[in-house]
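The values are calculated or read from the model by the stated rules, or taken from the named source; none is laboratory data. Since the structure is predicted, the reported quantities are computational estimates derived from the model, not experimental observations. Positions of Cβ are generated from backbone atoms using ideal geometry, with glycine treated the same way; all protein chains shown enter the neighbour counts. Surface accessibility is based on the protein's heavy atoms, side chains included, excluding ligands, DNA and RNA. Shrake-Rupley method; radii C 1.70, N 1.55, O 1.52, S 1.80 Å.
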Amino acid sequence: MHTIYARVNNVSAMLSTCLMVLLGAVSLSSFLLTTTPPPGHLSVTNIKVFPGNARRYANKNQDFTFVNFNLTADLTPLFNWNTKQLFLYVAAEYENKQGTKNDVVIWDRIVRRKEDAQISVAGRNKYVFREVSASFGDVPPAHYTLKYNVMPYVGVLTYGEAARTVNPVPFPESQDLS
Amino acid sequence: MFADELKTLRRLGVRHVLLQILNFVSVLASGLMIWKGLGLITNTESPIVVVLSGSMEPAFYRGDLLFLTNPPNQRYETGDITVYKVPGADIPIVHRVLETHDLAKRGKGLVPASPLAPNQLLLTKGDNNHVDDLELYQGLEWLERKHIVGKVRGFLPYVGYVTIAMNDFPQLKYALLGGLGLLALIQRE
């Protein structure tokens, strides 16, 4: 009964139980510590649509939208001791004439320190903004939103929305590059 | 040393050995039951996965443990981290959803897309990659629900590194398995 094997077994079981309880408590604490950030401001300053070639089929034409936006938000309340990083992303939300609901991420940023959580960006889309039907003609106006994903050191991933354009932004006519 | 063990084995007899084998098998079976039970509750084929690549750094590193769910009545949203497996690729990939397109049902007139749109088109991207995953889809244009194993809900760092170590150094795996088997047979209780 008092063999080395039994002792090692007991000690490691004890240690791992303690560690698990501790990690559980840490992950629960982020539910209590997290507060929702105040709503930020997101506005689209410039938006243009140009035709171009699709990525996979070089002879297929497709519209590309280019969006410039201004973004300010204060996301410091999302940082607590269990916050590893924030994943911020700006997404366009719209429903086209065929009834397809679209949600397209056009910009993202990873924030790893509380000091960097005061966001003030005059940016443009990092990722190509295309339509499933290949054309932005006749597509109703889109809302742009800033969303965040809080990624903890241990525990549950949480999501939220920090800013939204006041009015939906219409897509302009496609311009030819000639 | 082994002669001693063999002597005890002979003294305890066949029944004891059989009992130990039964114990061992029941441990394995209950592990499998827990795994499959979790899979039933979370509606995914593998409720816990280990991160194998660095394409989601700095969010997930190699060896981190992810807990997945896949509720059948929830659509995937942009920003969700999904685990997907496209036909032709043998390793599931953990990447973030970049685009969702909920198609309206075709057929009798146009029906607005429901929140549970059955045909949702997805595009994903790894946080640490510069471009989206189109090249990884083995010829597919979009991901669909049937390719998704689940979305990441919880996170536990480092723990899964044991499995990566066992894959990288197979001797470790055999040593561990052999040691456990031997212990289960010899241990008398």
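How many residues are modelled with pLDDT under 75 and surrounded by 21 or more Cβ atoms within 10 Å (Cβ to Cβ) when one looks only at the stretch B:86-116? Before the answer, list the steps.
So in the stretch B:86-116, the residues modelled with pLDDT under 75 come out as B:105-116.
Filter once more, so that each one left must be surrounded by 21 or more Cβ atoms within 10 Å (Cβ to Cβ): B:113.
Going through the stretch B:86-116 one residue at a time, the tally reaches 1.
Hey, can you tell me all the residues within the stretch A:149-178 that are out of contact with any Ser or Thr (no Cβ under 8 Å at 6 or more places or on another chain) and open to solvent by 20 Å² or more (accessible area, probe 1.4 Å)?
A:Y159, A:N167, A:P168, A:V169, A:P170, A:P172, A:E173, A:Q175, A:D176, A:L177, A:S178
Can you tell me which residue is nearest to A:G155 (Cα to Cα) among those in the stretch A:25-46 that are open to solvent by less than 30 Å² (accessible area, probe 1.4 Å) and over 18 Å from the mean Cα position of the chain (by Cα)?
The residue in question is A:S27.
Taking the stretch B:1-45 as the region of interest, how many residues are in a helix (DSSP H, G or I) and of a type in the set (D, E)?
Here the count works out to 2.
For residues that are touching a residue at least 24 places away in the same chain (Cβ under 8 Å) and within 13 Å of chain B (Cβ to nearest Cβ), tally how many sit in the stretch A:144-176.
Count: 16.
Quick one: how many residues across the stretch A:54-82 are closer than 23 Å to B:M56 by Cα, open to solvent by 10 Å² or more (accessible area, probe 1.4 Å) and within 14 Å of chain B (Cβ to nearest Cβ)?
Count: 0.
Mind listing whichever residues of the stretch B:18-65 are of a type outside the set (D, E, K, R), under 18 Å from B:N129 (Cβ atoms) and touching a Leu at 6+ places or on another chain (Cβ under 8 Å)?
Once the filter is applied, which keeps residues that are of a type outside the set (D, E, K, R), under 18 Å from B:N129 (Cβ atoms) and touching a Leu at 6+ places or on another chain (Cβ under 8 Å), the stretch B:18-65 yields B:V51, B:F60.
Give the residue, chosen from B:M33, B:M56, that is in the same structural domain as B:V149 (by TED's automatic domain parsing) and either surrounded by fewer than 21 Cβ atoms within 10 Å (Cβ to Cβ) or within 21 Å of B:H147 (Cα to Cα) (or both). Steps first, please.
On the way: B:M33 fails: in the same structural domain as B:V149 (by TED's automatic domain parsing).
The conditions single out B:M56.
Counting only residues that are open to solvent by less than 80 Å² (accessible area, probe 1.4 Å) and modelled with pLDDT of 85 or more, how many does the stretch B:149-185 have?
Residues of the stretch B:149-185 open to solvent by less than 80 Å² (accessible area, probe 1.4 Å): B:149-152, B:154-157, B:159-160, B:163-166, B:170, B:173, B:175, B:178-179, B:181, B:183-185.
When the remaining residues are screened for being modelled with pLDDT of 85 or more, the result is B:149-152, B:154-157, B:159-160, B:163-166, B:170, B:173, B:175, B:178-179.
Residues meeting the conditions: 19.
Tally time: how many residues in the stretch A:96-137 are facing another protein chain (nearest Cβ under 9 Å) and on the phi > 0 side of the Ramachandran plot?
Total meeting the criteria: 1.
Restricting to the stretch B:46-68, what's the tally of residues that are outside any loop (DSSP other than H, G, I, E, B) and aromatic (F, W, Y)?
1
Being more than 10 Å from chain A (Cβ to nearest Cβ) and either in contact (Cβ under 8 Å) with a residue 24 or more places away in the chain or within 30 Å of A:V132 (Cβ to Cβ) (or both) is the filter here; which residues of the stretch B:163-189 pass it?
Across the stretch B:163-189, the qualifying residues are B:T163, B:I164, B:G181, B:A184, B:L185, B:I186, B:R188.
With A:Y159, A:Y148 as the choices, which residue is within 26 Å of B:N119 (Cβ to Cβ), assigned by TED's automatic domain parsing to the domain that holds A:A54 and assigned to a strand (DSSP E or B)?
A:Y159
Which residues, taken from the stretch B:140-157, are touching a residue at least 40 places away in the same chain (Cβ under 8 Å) and either touching a His at 6+ places or on another chain (Cβ under 9 Å) or within 11 Å of chain A (Cβ to nearest Cβ) (or both)?
Correct list: B:L140, B:W142, B:K151, B:V152, B:R153, B:G154, B:F155, B:L156, B:P157.
Restricting attention to the stretch A:104-123, which residues are open to solvent by 10 Å² or more (accessible area, probe 1.4 Å) and part of a strand (DSSP E or B)?
If the condition is that a residue be open to solvent by 10 Å² or more (accessible area, probe 1.4 Å) and part of a strand (DSSP E or B), then A:W107, A:D108, A:R109, A:I110, A:Q118, A:S120, A:V121, A:A122, A:G123 are the ones that fit.
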